[in-house]
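S.K.: If you scroll down you'll find the structure; I have some questions about it.
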Amino acid sequence: MSETTTTIDRNDVPADATSTAPAIEIRDMNKWYGAFHVLRDIDLTVARGERIVIAGPSGSGKSTLIRCINRLEEHQSGQIIVDGIELTSDIKNIDKVRSEVGMVFQHFNLFPHLTVLENCTLAPIWVRKMPKAKAEELAMRFLEKVRIPEQANKYPGQLSGGQQQRVAIARSLCMEPRIMLFDEPTSALDPEMIKEVLDTMIELAETGMTMLCVTHEMGFAQAVADRVIFMDQGQIVEQNTPSEFFNNPQNERTKLFLSQILGH
Amino acid sequence: MSVTDTTVPTAYVRTEMLPPRAAPMQRKGALGWLRENLFSNWFNTVLTVLGIAIIWWFVSHFWPWFAHSVWSAGSLRECREIIAATWGEGASGACFAVIRERWHQYLFGFYPRAEYWRPVMTIGLMFIALAPVLFSVSATIRRRVLAGGGLLTMILMAICGVPLWSAMLMLALFGVALLLAEYAPGRLLWFTVFYPVLGVWLLWGGSLWSPMMVLAGLAAGFVVARLLAKRAPGLAPFAAIITIAIWWAFISQPLADALAGVLPLSLLHVTSREFGGFLLAIVIGVSGITMSLPLGIVLALARRSDMPLIKTFAVMFIEFIRGVPLISLLFVASTLLNYFMPPGTNFDIILRVIIMVTIFAAAYMAEVIRGGLAALPKGQYEAADSLGLDYWQAQRLIILPQALKISIPGIVGTFIGMFKDTTLVGLIGLYEPLKGISDFVRADFNWKGIYWEPFVFVGVIFFVICFSMSRYSMYLERRLSRENR
């Protein structure tokens, strides 16, 4: 992504007109796996339309953090408020949040027994109770957006990794979510397929979608992120605008990480 | 230096590709096949020769027995006399005359002969009920199954000498089913729902309204659940169950009697004790199969549930049922269960057996399906969750279709095992075909001492039914794997 290095100023972000409340608010959140303290005192506020890249060494808790936002993982203390709804053990609230928050996984997690089109229309039909014809129309629109409308009637197993990930993005977008979470979307891809997925994500970012991406693609971070968050050992160590983050890292751990990831 | 740099002189560049050449003789043709598969080295050659010798030894022993078989005789003694007269003293031969004489008991037990059209029709209608479920995708195969089922039914009807009107009715029904399958296969599913009532009525007779009211109770429960689903979703299932119980306990019988008074649709009542042979095996097997699959799915999901109470119950149920032999459950069904019933209740013996066989098969089914559920990657659950699907939607649309597909061989294996286990009901005094009917036949002085022929006959029919199930499972696996590639 080195050819598109124009950093977007945070002030350019079009704020959602309907509400000024933050998209995501995390207050003093902690999570343990058994006795292991994975996330420690996380405080994070994400404005509407903000694009955030979360970086950090493996095991730093960055995936766990975004998986807490749609409660694929449960947090033990503190608050997570997504789009005005607090995540508790109330299943209704969880389902409501999940239908507003799209998620893209490292391993795509497409449904192999359904066609690409069925993958995309499933949730609109069953969760949004949309008529089938309308859902298909919507799905085709998003498949065109990710540039694979011609694959609509194939099964995921017939597509390449990059195509599958783009279908996964389209599948999430079909729910017309307000927030998109990306959990290392390019880590399982061959190098020549990373670009097509990143291009799709960049286009999505340009539409003003609130995005949280866990990724190692620093080029992507520089190109589209409003803020880069660096995590280590379950804590947010540093956060800054991309230009400051890459050119002027403050924390020792960040400097070491950047030197390792950009050094070669 | 770049690979595409054409200015650099290269030593060798292939411009034309070599065309494929024909394979050498030993790689193709019958000779090639023999060489590769049977005589590829001295060890395989020895094995091949040994195999042929064993096959020859078996065939040469059994062939005369089949070749000398007698198909028409009045008794075993008569059979032996005919064989001795034709093939010489000491020659062995099968006496299939017993099948010719007693085939009806092997098929229907002691079902009244004049009413044979009823079980045959029930079996024929079963094909119509199964076609839209088992072959929902392919119209060609549905057509073939319906036509084949129709042909089989007609042949059975001809053999049984049923009244002409019933054969005509059956033919007309198959015609309608074929048309429906062609133009509105969805409608055929309504018949599938209605089939159990029709089947029970045809087989046991009595008033049509009694089984109808049982179905109506289920429908009433469903309606209550639907009505309450919006207002009190948590309450709906319980309300439905209570409605069904009240309906069955208090409304069913009086309403059935009242309706019978208005429109007496009634057949000669046949008691469960008169059932026998393959009719009994198929009634128990088919009911057990259709009920154990849904029950098994529910148990498998319950065992994987996060809710400790439900999970504990499922584990206890499955482990208890799997831990005891089927025979002991059947004994419970035949004797013990009556102690728990209010005195005077007549709880049908076949129904009791079906319940026991169902829960026995369901416990095994649950474990087979649990294996399929466990084989699914966690990502599938997460993807379903992240899209906002609720638990039942995720299970029905995402998890179960994939888990059941993985479990098909195990599920059908359980079905086949269960169908063969129906012969165990002989031990509680029901006349299953393998031993019950054969013992009854041998009790006749004429057929005293006949062993192998009934076994061969019954074995062949069991094999045909079980083999078709196994072929169906292969067809399903092939179809589903093609869908996903």
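The values are calculated or read from the model by the stated rules, or taken from the named source; none is laboratory data. None of the values given here were measured: they were computed from a predicted structure. Using ideal geometry, Cβ is built from the backbone for each residue, glycine included, and neighbour counts are taken over all protein chains shown. Surface accessibility is based on the protein's heavy atoms, side chains included, excluding ligands, DNA and RNA. Shrake-Rupley method; radii C 1.70, N 1.55, O 1.52, S 1.80 Å.
S.K.: Please go through the range B:350-392 and give me each residue that is open to solvent by 20 Å² or more (accessible area, probe 1.4 Å), within 14 Å of chain A (Cβ to nearest Cβ) and part of a helix (DSSP H, G or I), ordered by number.
M.R.: Those that are open to solvent by 20 Å² or more (accessible area, probe 1.4 Å), within 14 Å of chain A (Cβ to nearest Cβ) and part of a helix (DSSP H, G or I): B:Ala375, B:Lys378, B:Tyr381, B:Glu382, B:Asp385, B:Tyr391, B:Trp392.
S.K.: Taking the range B:290-327 as the search range and keeping residues that are in contact with a Lys or Arg (Cβ under 9 Å, 6 or more places away or on another chain) and not in a helix (DSSP H, G or I), which one is most open to solvent (accessible area, probe 1.4 Å)?
M.R.: The qualifying residue most open to solvent (accessible area, probe 1.4 Å) is B:Arg304.
S.K.: Hey, another quick one. If we scan the range A:130-148, do we find a residue that is within 12 Å of another protein chain (Cβ to nearest Cβ), under 21 Å from B:Ile398 (Cα atoms) and in a loop (DSSP other than H, G, I, E, B)?
M.R.: No, the range A:130-148 has no match at all.
S.K.: Continuing with the same structure: Being within 13 Å of chain B (Cβ to nearest Cβ) and either open to solvent by less than 10 Å² (accessible area, probe 1.4 Å) or free of Cβ contacts under 8 Å to residues at least 12 places away in the same chain (or both) is the filter; apply it to the range A:158-172 and report the residue that is nearest to A:Ile148 (Cα to Cα).
M.R.: A:Val167
S.K.: Right, another one. Output the residues belonging to the range A:108-126 that are part of a loop (DSSP other than H, G, I, E, B), closer than 15 Å to B:Asp385 by Cβ and within 7 Å of another protein chain (Cβ to nearest Cβ).
M.R.: Hits for the range A:108-126 are A:Asn109, A:Phe111.
S.K.: I've got another one for you. Based on this model, can you work out whether B:Gly436 counts as away from every other protein chain (no Cβ under 14 Å), touching a residue at least 12 places away in the same chain (Cβ under 8 Å) and in contact with a strand residue (DSSP E or B) (Cβ under 8 Å, 6 or more places away or on another chain)? Lay out the reasoning, then the answer.
M.R.: Working: away from every other protein chain (no Cβ under 14 Å): yes; touching a residue at least 12 places away in the same chain (Cβ under 8 Å): yes; in contact with a strand residue (DSSP E or B) (Cβ under 8 Å, 6 or more places away or on another chain): yes.
Yes, satisfied.
S.K.: Still on this model: With respect to A:Ser60, is the statement that it is away from chain B (no Cβ under 14 Å), hydroxyl-bearing (Ser, Thr, Tyr) and within 26 Å of A:Ser187 (Cβ to Cβ) true? Steps first, answer last, please.
M.R.: Numbers: away from chain B (no Cβ under 14 Å): yes; hydroxyl-bearing (Ser, Thr, Tyr): yes; within 26 Å of A:Ser187 (Cβ to Cβ): yes.
Here the answer is yes, as A:Ser60 does meet what is asked.
S.K.: Suppose we filter the range B:330-349 for residues that are of a type outside the set (S, T, N, Q) and either at positive phi or surrounded by 15 or more Cβ atoms within 10 Å (Cβ to Cβ) (or both); how many remain? It would help to see each step written out before you state the result.
M.R.: If we filter the range B:330-349 for residues that are of a type outside the set (S, T, N, Q), which is where we start, we get B:330-333, B:336-337, B:339-344, B:347-349.
Next, only the ones that are either at positive phi or surrounded by 15 or more Cβ atoms within 10 Å (Cβ to Cβ) (or both) stay: B:330-333, B:337, B:344, B:349.
Result for the range B:330-349: 7.
S.K.: Still on this structure, I have one more. Among the residues of the range A:64-86 satisfying the criterion of being among the β-branched types (Val, Ile, Thr) and either open to solvent by less than 20 Å² (accessible area, probe 1.4 Å) or within 12 Å of chain B (Cβ to nearest Cβ) (or both), which is nearest to B:Gln393 (Cα to Cα)?
M.R.: This residue is A:Ile69.
S.K.: Pick out the one residue from B:Gln402, B:Gln395 that is assigned to a helix (DSSP H, G or I), more than 9 Å from chain A (Cβ to nearest Cβ), modelled with pLDDT under 95 and surrounded by fewer than 23 Cβ atoms within 10 Å (Cβ to Cβ).
M.R.: Only one candidate qualifies: B:Gln395.
S.K.: Having 1 or more residues that are closer than 27 Å to B:Ile99 by Cβ, open to solvent by 100 Å² or more (accessible area, probe 1.4 Å) and hydrophobic (A, V, I, L, M, F, W, C) is the bar; report the helices (runs of 4 or more DSSP H) wholly within the range B:11-87 that clear it.
M.R.: Helices (runs of 4 or more DSSP H) meeting the threshold: B:42-67, B:76-87.
S.K.: Looking for something within 7 Å of chain B (Cβ to nearest Cβ) and open to solvent by 40 Å² or more (accessible area, probe 1.4 Å) - is there at least one such residue anywhere in the range A:87-106?
M.R.: No: zero hits.
S.K.: Which of the residues that make up the range B:469-485 are modelled with pLDDT of 90 or more and open to solvent by 60 Å² or more (accessible area, probe 1.4 Å)?
M.R.: The answer is B:Arg471, B:Met474.
S.K.: For residues that are in a strand (DSSP E or B) and open to solvent by 70 Å² or more (accessible area, probe 1.4 Å), scanning just the range A:228-264, find the one that is nearest to A:Lys62 (Cα to Cα).
M.R.: A:Gln235
S.K.: Out of curiosity, is B:Gly150 exposed (fewer than 14 other Cβ atoms within 10 Å of the Cβ) and either out of contact with any strand residue (DSSP E or B) (no Cβ under 9 Å at 6 or more places or on another chain) or not in a helix (DSSP H, G or I) (or both)? Give the steps one after another, and end with the answer.
M.R.: On the way: exposed (fewer than 14 other Cβ atoms within 10 Å of the Cβ): no; either out of contact with any strand residue (DSSP E or B) (no Cβ under 9 Å at 6 or more places or on another chain) or not in a helix (DSSP H, G or I) (or both): yes.
So B:Gly150 fails the test.
S.K.: Does the range A:53-61 include one or more residues that are open to solvent by 50 Å² or more (accessible area, probe 1.4 Å) and either farther than 18 Å from A:Ala21 by Cα or in a strand (DSSP E or B) (or both)? Reasoning before the result, please.
M.R.: Step one: filter the range A:53-61 for residues open to solvent by 50 Å² or more (accessible area, probe 1.4 Å), giving A:58-59.
Now restrict to residues that are either farther than 18 Å from A:Ala21 by Cα or in a strand (DSSP E or B) (or both): A:58-59.
There is at least one residue in the range A:53-61 that is open to solvent by 50 Å² or more (accessible area, probe 1.4 Å) and either farther than 18 Å from A:Ala21 by Cα or in a strand (DSSP E or B) (or both).
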